[in-house]
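Novice: This is the structure, below, for whatever I ask next.
The values are calculated or read from the model by the stated rules, or taken from the named source; none is laboratory data. Predicted, not measured: the structure shown is a model, and the values here were computed from it. As a convention, Cβ positions derive from the backbone with ideal geometry for all residues, glycine included, and neighbour counts pool all protein chains shown. Each accessible area value is taken on the protein alone, full model and side chains, heavy atoms only, with ligands, DNA and RNA left out. Shrake-Rupley method; radii C 1.70, N 1.55, O 1.52, S 1.80 Å.
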Amino acid sequence: MNIEIGMLAISKSGHDKGSLYVIIKADEEYVYLVDGKLKTIDKPKKKNKKHIQIVNYKSEEIIMNINNGTLINETVKRCLKLYCCREQDA
């Protein structure tokens with residue numbers, strides 16, 4: 001699967017195993033993940049692509065804010081919360 005900014009990902013390994021993140025940047029080998037709390041936009045988590053599971057969900061609001069340079073931690077937290085609430089209802 002193609003990894004794009006704005007997608008959600010779950011950590012498959014490390015001390016953060018099972019944590020849900022938003023991908024804000026990707027290069028050949030690594031992705032940069034934020035959750036708005038511990039891993040903020042200023043200090044994203046650098047993680048090997050092999051160690052994440054992509055979630056079939058993309059936030060248009062996150063993508064728009066990244067492209068505009070206006071992404072804030074509160075937006076990331078809201079996106080993750082909305083996704084979790086949506087999954088619990090399903």
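Novice: Determine which member of the set ASN67, ASN56 is out of contact with any strand residue (DSSP E or B) (no Cβ under 7 Å at 6 or more places or on another chain), outside any helix (DSSP H, G or I) and not charged (D, E, K, R). First the steps, then the outcome.
Specialist: Values: ASN67 fails: outside any helix (DSSP H, G or I).
After ruling out the rest, the residue left standing is ASN56.
Novice: Take the stretch 19-40 and flag every residue that is within 13 Å of ILE5 (Cα to Cα) and either in a strand (DSSP E or B) or modelled with pLDDT of 95 or more (or both).
Specialist: TYR21, VAL22, ILE23, ILE24, LYS25, ALA26, TYR30, VAL31, TYR32, LEU33, VAL34
Novice: Still on this structure, I have one more. Filter the stretch 56-71 down to residues that are in contact with a helix residue (DSSP H, G or I) (Cβ under 7 Å, 6 or more places away or on another chain) and surrounded by fewer than 19 Cβ atoms within 10 Å (Cβ to Cβ) and give me whichever is farthest from GLU4 (Cα to Cα).
Specialist: First, the residues of the stretch 56-71 that are in contact with a helix residue (DSSP H, G or I) (Cβ under 7 Å, 6 or more places away or on another chain): 57, 59, 61-62, 65, 71.
From what is left, the residues that are surrounded by fewer than 19 Cβ atoms within 10 Å (Cβ to Cβ) are 57, 61.
Details: TYR57: 11, GLU61: 14 Å.
Per the criteria, the residue is GLU61.
Novice: Now a separate question. Suppose the filter is at pLDDT 95 or above and open to solvent by 80 Å² or more (accessible area, probe 1.4 Å); does GLN53 pass it?
Specialist: Numbers: at pLDDT 95 or above: yes; open to solvent by 80 Å² or more (accessible area, probe 1.4 Å): yes.
So GLN53 passes the test.
Novice: Counting only residues that are more than 10 Å from the chain's Cα centre (by Cα) and among the basic types (Lys, Arg), which one in the stretch 1-38 is least open to solvent (accessible area, probe 1.4 Å)?
Specialist: For the stretch 1-38, the residue satisfying everything is LYS12.
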